[in-house]
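Working notes, beginning with the structure itself.
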There are 2 protein chains.
Amino acid sequence: MRKSIATVSVSGTLVEKLEAIAAAGFDGVEIFENDLLACPLPPEEIRARAADLGLGIDLYQPFRDFEGAPAELLPGNLRRAEHKFRLMERLGADLLLLCSNVSPAAVPGDDVAAGHLRLLAERAAEHGVRVAYEALAWGRHVNEYLHAWRLVRLADHPALGVCLDSFHILSRGSDPIGVEAIPGEKIFFLQLADAPRLAMDVLPWSRHYRCFPGQGTFDLAGLLAGVRRAGYAGPLSLEVFNDVFRQASAERTALDGMRSLIALEREVAGTAHPAVPTGFAFAELAGPGGLGGIPAALGFTRTGTHPGKPVELWEQGGARLLVNATGADPALIAVGLDSPDPAGAAGHAEELLSPILPRARTPEEAELNAVAAPDGTEIFFCDDGWLADFTPSRPPGTQPGLITGIDHVALTQPRHHFDEAALFYRSVLGLRPQESLEVPDPYGLLRSKAMSGPGGAVRVVVNVAQVGADHLPWQHVALACDDVVAVARRLRKEHPGLLLPIPGNYYDDLDARHEVDPELRGLGVLYDRDEHGGEFLHLYTVTVGRVFFELVQRIGGYQGYGAGNAAVRLAAQHAGHRQGVRPGPRPAGVTPAPL
Amino acid sequence: MRKSIATVSVSGTLVEKLEAIAAAGFDGVEIFENDLLACPLPPEEIRARAADLGLGIDLYQPFRDFEGAPAELLPGNLRRAEHKFRLMERLGADLLLLCSNVSPAAVPGDDVAAGHLRLLAERAAEHGVRVAYEALAWGRHVNEYLHAWRLVRLADHPALGVCLDSFHILSRGSDPIGVEAIPGEKIFFLQLADAPRLAMDVLPWSRHYRCFPGQGTFDLAGLLAGVRRAGYAGPLSLEVFNDVFRQASAERTALDGMRSLIALEREVAGTAHPAVPTGFAFAELAGPGGLGGIPAALGFTRTGTHPGKPVELWEQGGARLLVNATGADPALIAVGLDSPDPAGAAGHAEELLSPILPRARTPEEAELNAVAAPDGTEIFFCDDGWLADFTPSRPPGTQPGLITGIDHVALTQPRHHFDEAALFYRSVLGLRPQESLEVPDPYGLLRSKAMSGPGGAVRVVVNVAQVGADHLPWQHVALACDDVVAVARRLRKEHPGLLLPIPGNYYDDLDARHEVDPELRGLGVLYDRDEHGGEFLHLYTVTVGRVFFELVQRIGGYQGYGAGNAAVRLAAQHAGHRQGVRPGPRPAGVTPAPL
């Protein structure tokens, strides 16, 4: 379907907006009036600029406070409309968005409102303009989309139809099934916006928190499917505004919007995720100095080396780490995912506008299928072939240990890319949002969104750290383990400086809430319990560079991430950094050899 | 009265918080449990640290979900309470805050709840602890402060009283007059927080938007007066959390909190503003290069020079500008205010913890009474004496011209100091918040709070520009004028490069809305009309450095600032900067000599 976006959805001047929108591949735009008012170019030149960029002007918006106005305001309102119709002729726009009246002075009554709508449509038609009437969720008398449709039917003019806006429909909790009551040719326009579920009035919610489809919680695929069944064949148009977009790069925002529409179309078509990953193949860490010897200390065995690059393979149970000696500071740089169809998955990612990483390889190496995540982390889609790239330093076979695999990875995004990252992991990897949290940090706030695939085989936690600029964006790899206490006992004894110290006050509080094994206190193992009785035992290593490790043990179907303990963990990590615990190449007591 | 603050109100580790709180002069603290849990020091050491800093531990908080819990949870809840009582003994805290139960499992019924409260109080008393029971605004069954008091009276135990929290009372719209129904000795604690009026649920409103007294819209003076009439003699304690404080400096936040309590006490005592300024004496601009000749172009006359500093006095009507040749870039650096008692005003500011500027002067000069505003702008309290510091270059007497005075100044704050600035202008200068706005900027959002004194004699607009870091924080001086059109005519003719160009599209829209003088379009004069028929004509100069000038003409009692035109103005300013219009030392066609 044709794809459009409102100019208000991206930052910059009107010309900058048009350029960014065209570069992202959109077919058309909605010109937002305020963008036009602030533009030094006359409408004719804006029209020419859009045409040069290959953009149609699909809609001019908004026209406000018309239907149901008191009689004495009607002449002024018609005068206002005439001015806008003439402007639209200069601009080459033939569809005007009319929002339902929000004025306290508006009078109730469908007959009066429909009469006004008909009058407006008649005047519009004289200028070759059509009017798309939209029920704002906070309209004074008209705030339901079916009410707008009732008035349009009553007014009964060919130049009058409805505009459907997903936010205005779904934010009120209206059932979108009613859209199929509207003949497709009377749906003049469809605006799409998603939003997180927030406990606030619809007006500020709309003004500050709209996001692209797939970034919030609305069922936009369901709505779109209904609108298509109704026979709508016009553009899919994004109308999104929030405080983050206003300050972000127009080019990047426009591209993310386009990604959201492609993903939405695929979801409606049932072709959303041809190749959902089935597990973690590996996590690759930049590890100058061997990551402080932490893999060895955790019981990993070095099982291979790359013949052409300074990369080692370390294994334990089903967990594989690649330790890459390049890079200035330890960091999580890549994640490998088991894929039933690596090339298909990469192709799918590319169709969703993800940057494909270069495939330049030596002839002996396995083919690479990799894309860059929004924070720059490389995501590899793997079958078993990649292991053959490494020269074995041990006989093949699973390396025993208490660690069984990678449970999840946590990646910290810049604030401007948080929603983009959520959409990336959802649309490209097929993960679904699991829980969203805000965790107090001593120096700010950590926003966190956990996403997981079918059966929890792949879990990614997307974080944004709203802290001062002098704090590193931490990332971590969480390793699944059958007996965290046993690992902790060994580490406390053999590598006492490796584990993040947890305050005694935490355990006093834990004792007050639960009767738990008193040994946890001495070991620095944290504990959580969910409402179904599932339990979670976990511990953290100290941080090296940007990265740390977590060991997690899930008991009884626990699906969370120990969020209740995150504030204590963050404080301990900050304290470690401030006291210089940050261990440089190697924490005290850690030997580089495999255990 | 004794002054306290909850540790959650400032950023950092618990020890950093205590140090900042003590440095700001508080007498005590509420220890917030999560701060304690994350602290590596045992409770005894925290107690000692607080004592060393001169801080009492006035409260430990919060204890949750106790009263009205289902019977099967009671043993666990009592066990939890016993742990906390023992902790409080170690901590040296003897007052526990109990929040009303928010659990969906809580059972209704005052008798059950009161029975539980009595039981808790009995156990507390065995440890020398008292319990202050607070109705959370979102409590499951108890969410009104008088309901909490009813339960406390029913429970009837000397170790049980109420905690009053201004947010929980005023956010629900409860009438605070009922506090006088509570005997003062049963009000165990008083927590104070202000908040802006927001259309959202009380829980997220509380979590993210609380602010210090005087920074929001609640009538805290009225509440405090009632609580004192009830006989309460305990601490005034701040309990504030918002997303800005979490990332801000603990020292500065604590100091601002102390300022808010001092101002509140004065407001209750009726000694809030001994010396409210009566007008603008001057605006001082760093003007290397003579501010591009703008004062002269605007019709100002140079009337004096400072014998000891590179500062010129320029006058027109009642408006005085000081042009200070020091400084790297043009900026608004100081504001002089006419004061009936300059020394008293400065003393008042100092008592409100404002930084007093050094008074080092030569013997001939007038005495200086000046403080630094939160953004560093110097605020001078003046009588007429300061004019004698300048050597006249013209015979004394009002310099004629169309400009009559300074209408307002607009100062842009860093985001972290926006609320602090609002409190400063309110408590130190006696200005009252007039209107708060959010204006879209092409690259972000401008938040704006206009504040004005009695009769509009002093108006200050406090802005925060939420835009990318590469944008300058603009400031401006708005000059009052009897005939903006006449000034614009002259400027267009004599200094065509001086005025900010306003897009023709703006005037097309203005024509659609109002029938206004068509000459405005050619002159670049903007127009606004208020709902009472008041009119506003204004124009802007281009920006030099960080600063620009506005000329405003208020007609028919117009009290606003042309906010509807701000987005167009911001876009034009950005466009000017991007196209290199920024005129350096002098805009084209501007001569340095007085006209």
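Ordering of A:399-406, B:568-575 by packing is B:568-575, A:399-406, highest average first (other Cβ atoms within 10 Å, averaged per residue).
Express in % the proportion of alpha carbon pairs of the protein assembly as shown at distances exceeding 59 Å. When every Cα pair of the protein assembly as shown is considered, 21 percent fall beyond 59 Å.
In segment B:235-254, comparing the full protein assembly with the chain on its own, the residues that lose 10 Å² or more of accessible surface at a 1.4 Å probe are B:ASP243, B:ARG246, B:GLN247. Distances between placed amide hydrogens fall under 5 Å for B:ASP194 paired with B:CYS211, B:PHE212, all partners being 5 or more residues away or on another chain.
For the segment B:38-51, counting C-beta atoms of other chains within 10 Å of every residue's C-beta and taking the mean gives 3.
Of the beta bridges in segment B:279-578, as assigned by DSSP with both residues counted there, near 75 percent are antiparallel.
Sort segment A:127-254 into rounded, prolate or oblate with this rule: let a ≥ b ≥ c be the square roots of the eigenvalues of the Cα gyration tensor; rounded if a/c is under 1.5, and if a/c is not under 1.5, prolate when a/b is larger than b/c, oblate otherwise.
Numbers: a/c = 1.71, a/b = 1.55, b/c = 1.10.
Prolate is the answer for segment A:127-254, as a/c is 1.5 or above and a/b outweighs b/c.
Rounded to whole Hz and in sequence order, give me ³J(HN,Hα) for segment A:182-190 from the Karplus expression 6.51 cos²θ - 1.76 cosθ + 1.60, θ = phi - 60°, writing x for Gly and Pro. Coupling constants for segment A:182-190: 9, x, x, 6, 8, 8, 7, 7, 10 Hz.
Restricting to bridges with both residues inside the protein assembly as shown, how much of the DSSP beta-bridge set is antiparallel, in percent to the nearest 5?
Values: 123 of 219 bridges.
Here the antiparallel bridges make up roughly 55 percent for the protein assembly as shown.
Positive-end ranking of A:THR301, A:HIS127, A:VAL487 along the dipole of the protein assembly as shown, with charges on Cβ about the Cα centre, is headed by A:THR301. Positive end of the dipole of segment B:103-249 (Cβ unit charges, origin at the Cα centre): among B:HIS157, B:VAL107, B:ALA221, the Cα lying farthest that way belongs to B:ALA221. Rolling a 1.4 Å probe over the protein chains gives B:TYR209 an accessible area of about 80 Å².
For segment B:3-269, give the percent of accessible area contributed by carbon and sulfur heavy atoms, probe 1.4 Å, rounded to a whole number. Kindly include the intermediate steps, with their values, before the conclusion.
Details: 4710 of 9080 Å².
Carbon and sulfur atoms account for 52 percent of the accessible area of segment B:3-269.
Going by a ≥ b ≥ c, the root eigenvalues of the Cα gyration tensor, does segment B:455-521 fall in the rounded group (a/c under 1.5), the prolate group (a/b larger than b/c) or the oblate group? Working shown, then result.
Values: a/c = 1.56, a/b = 1.36, b/c = 1.15.
Prolate is the answer for segment B:455-521, as a/c is 1.5 or above and a/b outweighs b/c.
Here chain A was treated as a single set of alpha-carbon atoms; its pair distances binned every 20 Å from 0 give 19, 44, 26, 11, 0 percent. Under 4 °C and 1.567 mPa s, how fast does segment A:279-578 diffuse according to Stokes-Einstein, given a Kirkwood radius computed over C-alpha pairs? Answer in µm²/s, whole number. Calculated translational D: 66 µm²/s.
Only four residue types carry charge here, +1 at the Cβ of Lys and Arg and -1 at the Cβ of Asp and Glu. Report the dipole size of segment A:3-269 about the Cα centre in Debye, rounded to the nearest 20. Intermediate results must be reported in sequence, preceding the final value.
Numbers: 27 positive and 36 negative charges, 29 e Å.
Around 140 debye, computed over segment A:3-269.
For A:ASP384 and A:ARG415, the FRET efficiency from 1/(1 + (r/R0)^6), where r spans their Cβ atoms and R0 equals 45 Å, is about 0.75. Per the Debye calculation on segment A:3-269 with a single equal scatterer at every Cα and no solvent contribution, log₁₀ I(q)/I(0) for q = 0.09, 0.12, 0.13, 0.15 Å⁻¹ amounts to -0.37, -0.68, -0.81, -1.11.
Return the value, in Å² to the nearest 100, of accessible area buried between chains A and B (probe 1.4 Å, both sides summed).
Details: alone 23360 and 23360 Å², together 42850 Å².
Summed over both sides, the interface buries about 3900 Å².
Give me the net charge of B:PHE218's neighbourhood, meaning all other residues with Cβ under 11 Å from the Cβ of B:PHE218; Lys, Arg count +1, Asp, Glu -1. Write out the running numbers ahead of the final one.
On the way: positive: B:ARG197, B:ARG210; negative: B:ASP194, B:ASP219.
Result for the neighbourhood of B:PHE218: 0.
The charge dipole of the protein assembly as shown, taken about its Cα centre with unit charges on the Cβ atoms of Lys, Arg (+1), Asp and Glu (-1) only, comes to about 900 debye. Extending 7 Å from the Cα toward the beta-carbon at both B:ALA23 and A:ASP110 defines two label points whose distance is 6.7 nm.
When Cβ neighbours within 10 Å are restricted to other protein chains, what is their mean count per residue of peptide A:519-526? Don't skip to the answer; put the middle values down first.
Numbers: counts 0, 0, 0, 0, 0, 0, 0, 0.
Per-residue shielding by partner chains comes out at 0.
Listed by chain and number, the lysines whose C-alpha is less than 24 Å from the C-alpha of A:LYS186, apart from same-chain residues fewer than 8 away, are A:LYS3, A:LYS84.
Charges at C-beta only: +1 for Lys and Arg, -1 for Asp and Glu. How large is the resulting dipole of chain A about its Cα centre, in Debye rounded to 20?
In total the dipole reaches around 660 debye.
Can you tell me which lysines have their Cα less than 22 Å from the Cα of B:LYS309? Leave out same-chain residues fewer than eight positions away. Partners found: none. Placing unit charges on each Cβ (+1 for Lys and Arg, -1 for Asp and Glu) gives segment B:385-478 a dipole about its Cα centre, and among B:LEU387, B:PRO442, B:SER452 the Cα reaching farthest toward its positive end belongs to B:LEU387.
Per residue, the accessible area of chain B comes to 36 Å² when a 1.4 Å probe rolls over the protein heavy atoms.
Peptides A:302-312, B:245-255 ranked from most to least packed, by the mean per-residue count of other Cβ atoms within 10 Å: B:245-255, A:302-312.
The values are calculated or read from the model by the stated rules, or taken from the named source; none is laboratory data. The structure presented is a predicted model; accordingly, all values stated were derived computationally and were not measured. FYI the Cβ positions are ideal-geometry reconstructions off the backbone, even for glycines, and counts take in every protein chain you see. Note: areas computed on protein heavy atoms with side chains; ligands, DNA, RNA excluded. Shrake-Rupley method; radii C 1.70, N 1.55, O 1.52, S 1.80 Å.
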